[in-house]
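Visitor: Before I ask anything, here is the structure I am working with.
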Amino acid sequence: MKLEVNEHGFFGEFGGAYVPEMLYPNVTELQERYLEITSERQFQEEFDELLKNFAGRPTPLFHAQRLSEEYGCTVLLKREDLLHTGAHKINNTIGQILLAKRLGKRRIIAETGAGQHGVATATVCALMGMPCVVYMGEVDIKRQALNVGRMRLLGAEVRSVTSGSKTLKDATNEAMRDWIANPHDTHYIIGSVVGPHPFPDMVARFQSVISAEMKEQCLARDGKLPTHVIACVGGGSNAMGGFFHFIGEPSVQLIGVEAAGHGVSSGRSAATIALGREGILHGSRTLFMQTDDGQVEEAHSISAGLDYPGIGPQHAHLHVSGRVHYVQVTDEDALRGAKVLSRREGIIPALETAHAVAHLSRMSFKPTDRVVVVISGRGDKDMGTYLEAFGERISDDV
Amino acid sequence: MTCSRFEQLPQRNALTVFYTAGYPRLNDTLPILSALQASEVNMVEIGFPFSDPVADGPTIQASNHVSLENGMTVATLFEQLKPLRSGEITVPILLMGSLNPIERYGRQRFFEDAAHCGVDGLIIPDMPFEEYLARYKPLYQQHAIKPVFLITSRTDDARIKAFDAEGPAFLYVVSTDAVTGGTTNVTEERDAFFKRLADMKLSSRLFVGFGVSDRQSFEAVTKHTAGAIIGSAFVRALRDAPQGASSHESDRPALEKIVSDFVKQVR
């Protein structure tokens, strides 16, 4: 299949631009100009240069030998965790800040959950000398103090959001309100494949460098495409980036891993695909967790980056069309996944990434399978959670 | 159905008041409405709550939250509004809220129930105009409920004319298109916008909302338009009144006093 956005911003039944009139001119300006701007040669040269020499691309595709032995296949790790700022988020913020400059914007706003997108936005704003305001839920500010400090050191203003569940969804609401109040000079750098059209498509394009490199690296290594690509899904940007160039390759199985929290039916999860129903959230028609009265439900995951009740419209479409298989991993299994990767391969992953790693043990592979796992981020920011969760047993083997 | 209740609106200085259903207490929805009519408010906008109201400021967000905590749902609202037109309420009534609760309740069912209760108009700020044309326009027409479209100083003429051609209850002029911290002269920019609107010779009434809170702002904007909508300031009055949110029982005389005191401050 092909994943193409139509002229109204829809992927199948999902997407669109459900924004109040106050944002219509901003969103329309982006819709009309993002393709033209991002396909300019000069834009692409600048983007590639920054990805290479500022962010550190291409990232390696590492053959994880001990995991390969354990799971009876070839496990390959796409090392987005090695990028500057420690996660894939920087791919998108570099793209969007270059776009914002060409649109003549002078101020940047962003939302953040775990703080990775906030740090990646603060970083490119420092690089370009642009003022930056990051909205972050009060709860997340407490559990991600290190990233708050990084953003402040980089010169960004971190605004605490105290409405609703005080997490990512509320930070997104607050950033949209800021954009409504400051439509002229401000660009909103959304951190995932969510929001009104063109954000999902635009962010997916900026993140697609992940699968472009993967494809090339797999072909160079084996002369063949991988058989599986596995990535974690919150809003879904690293997964969209990792899937992008394989969507039209039916031989490649694509697997999105979402956060089951305490368990899919525990009432404390972020398993959007499993539990979500169609509706309108944050400017697009998509799947999200909601009550029978259409109120958005609060998500739970041990990982702040997956703690979002919705999912990007492309993923909703890829799920309904059956192209991507979505599975759920609990907090407990994710912690185990983090330990497995740390002990077997010497890589401490972000909690988000640990969900994707954890799923490996639940699959059965053929010896000829070549499985790429997107290691979307590194685990430094989650050390507090790991210390608390493992306690004295942190050095025990798994 | 008899002729539209919007026709009873005065040509000038029409006052519309917005409040959130189920706030401060679940069963205050109708008593507040009666009190507003008794205070000679010309039109009433009732908000149905949403957990994530992106286009609302802190006061109305908080009222949405309290209303949901009180147990308000779309179904409950229609239950409350059922006796609306069998009593003394003759003022035009609009519902306003986010698209998602409507879609979850069922589009068709929402319009049927709203029409059955005697609702005259429905404002859905996050509904794109294309969605209106494709999916909602037939429902509005079928149930004789009027749409309302928001416009700002950045909405171009062609778009405003397209809204106007749909025969809305009115065009909702968003007055505070944010110039926070800027050097732009707010009054000048606003007057230029009103002049542009006047030059377009629109057939729809104009009502100004967002940022209208007292007599001064009401008089300033109604120089150019048919009327204005006051929302946050009224919700604040309900919130801050000693007999308001603090009491658990619906106290009609107290509510009536809050409402009439508030309306007297404006007009």
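The values are calculated or read from the model by the stated rules, or taken from the named source; none is laboratory data. Worth saying up front: this structure is predicted, and the values here are computed from it rather than measured. Note that we place each Cβ from the backbone using ideal geometry, even for glycine, and neighbour counts take in every protein chain shown. SASA here: full protein model, heavy atoms, side chains in, ligands and nucleic acids out. Shrake-Rupley method; radii C 1.70, N 1.55, O 1.52, S 1.80 Å.
Visitor: Residue check: is residue A:145 over 22 Å from residue A:306 (Cβ atoms), open to solvent by 30 Å² or more (accessible area, probe 1.4 Å) and away from chain B (no Cβ under 14 Å)?
Guide: No, not satisfied.
Visitor: Take segment A:159-174 and flag every residue that is facing chain B (nearest Cβ under 10 Å), assigned to a helix (DSSP H, G or I) and open to solvent by 20 Å² or more (accessible area, probe 1.4 Å). First the steps, then the outcome.
Guide: Filtering segment A:159-174 down to residues facing chain B (nearest Cβ under 10 Å) leaves A:162-165, A:169-170, A:172-174.
Imposing the further condition that a residue be assigned to a helix (DSSP H, G or I) reduces the set to A:169-170, A:172-174.
Within segment A:159-174, just A:174 meets the criteria.
Visitor: So residue A:31 ticks every box in (1) within 14 Å of chain B (Cβ to nearest Cβ); (2) without any contact (Cβ under 8 Å) to a residue 60 or more places away in the chain but one. Which box is left unticked?
Guide: The failed condition is (2).
Visitor: Right, next: Would you check if there is a residue in segment A:330-344 being modelled with pLDDT under 95 and open to solvent by 10 Å² or more (accessible area, probe 1.4 Å)? Don't jump to the end; show me each part of the working.
Guide: To start, the set of residues in segment A:330-344 that are modelled with pLDDT under 95 comprises none.
Within segment A:330-344 (the criterion being modelled with pLDDT under 95 and open to solvent by 10 Å² or more (accessible area, probe 1.4 Å)), the answer is no, since none of the residues qualifies.
Visitor: Residues of segment A:243-279 being aliphatic (A, V, I, L, M), in contact (Cβ under 8 Å) with a residue 60 or more places away in the chain, within 25 Å of residue A:169 (Cβ to Cβ) and not in a strand (DSSP E or B), which ones?
Guide: Matches in segment A:243-279: A:264 only.
Visitor: Next question. Can you name every residue in segment B:13-45 that is of a type outside the set (Ser, Thr, Tyr) and either within 14 Å of chain A (Cβ to nearest Cβ) or more than 20 Å from residue B:218 (Cβ to Cβ) (or both)?
Guide: First, pick out the residues of segment B:13-45 that are of a type outside the set (Ser, Thr, Tyr): B:13-15, B:17-18, B:21-22, B:24-28, B:30-33, B:35-38, B:40-45.
Scanning segment B:13-45 gives B:21, B:22, B:24, B:25, B:26, B:27, B:28, B:30, B:31, B:33.
Visitor: For segment B:194-211, does any single residue satisfy the condition of being under 21 Å from residue B:21 (Cβ atoms) and either modelled with pLDDT under 95 or small (Gly, Ala, Ser) (or both)?
Guide: The answer is yes, given that some residue of segment B:194-211 is under 21 Å from residue B:21 (Cβ atoms) and either modelled with pLDDT under 95 or small (Gly, Ala, Ser) (or both).
Visitor: Quick one: which residue in A:59, A:74 is among the hydroxyl-bearing types (Ser, Thr, Tyr), out of contact with any Ser or Thr (no Cβ under 7 Å at 6 or more places or on another chain) and touching a residue at least 24 places away in the same chain (Cβ under 8 Å)?
Guide: Details: A:74 fails: out of contact with any Ser or Thr (no Cβ under 7 Å at 6 or more places or on another chain).
After applying the criteria, what remains is A:59.
Visitor: Here is a list of conditions, (1) over 18 Å from the mean Cα position of the chain (by Cα); (2) surrounded by fewer than 24 Cβ atoms within 10 Å (Cβ to Cβ); (3) away from chain B (no Cβ under 14 Å), and residue A:226 meets all of them except one; can you say which number that is?
Guide: Residue A:226 satisfies all of (1) over 18 Å from the mean Cα position of the chain (by Cα); (2) surrounded by fewer than 24 Cβ atoms within 10 Å (Cβ to Cβ); (3) away from chain B (no Cβ under 14 Å) except (2).
Visitor: In segment A:37-53, what count of residues is obtained for those that are open to solvent by 60 Å² or more (accessible area, probe 1.4 Å) and under 25 Å from residue A:373 (Cα atoms)?
Guide: 3
Visitor: Look at segment A:348-385 and say how many of its residues are under 26 Å from residue A:148 (Cα atoms) and surrounded by fewer than 21 Cβ atoms within 10 Å (Cβ to Cβ).
Guide: Residues of segment A:348-385 under 26 Å from residue A:148 (Cα atoms): A:348-356, A:374-385.
Going one step further and asking which of them are surrounded by fewer than 21 Cβ atoms within 10 Å (Cβ to Cβ), we end up with A:348, A:380, A:383-385.
The total comes to 5.
Visitor: Where in segment B:86-162 are there helices (runs of 4 or more DSSP H), lying wholly inside it, with at least 3 residues that are open to solvent by 20 Å² or more (accessible area, probe 1.4 Å), facing chain A (nearest Cβ under 10 Å) and under 26 Å from residue A:287 (Cα atoms)? Before you say what the answer is, go through the steps one by one.
Guide: Working: elements: B:99-105, B:107-117, B:137-142.
By residue number, B:99-105.
Visitor: If I go through segment A:175-201 residue by residue, how many of them are more than 9 Å from chain B (Cβ to nearest Cβ) and assigned to a helix (DSSP H, G or I)?
Guide: Going through segment A:175-201 one residue at a time, the tally reaches 6.
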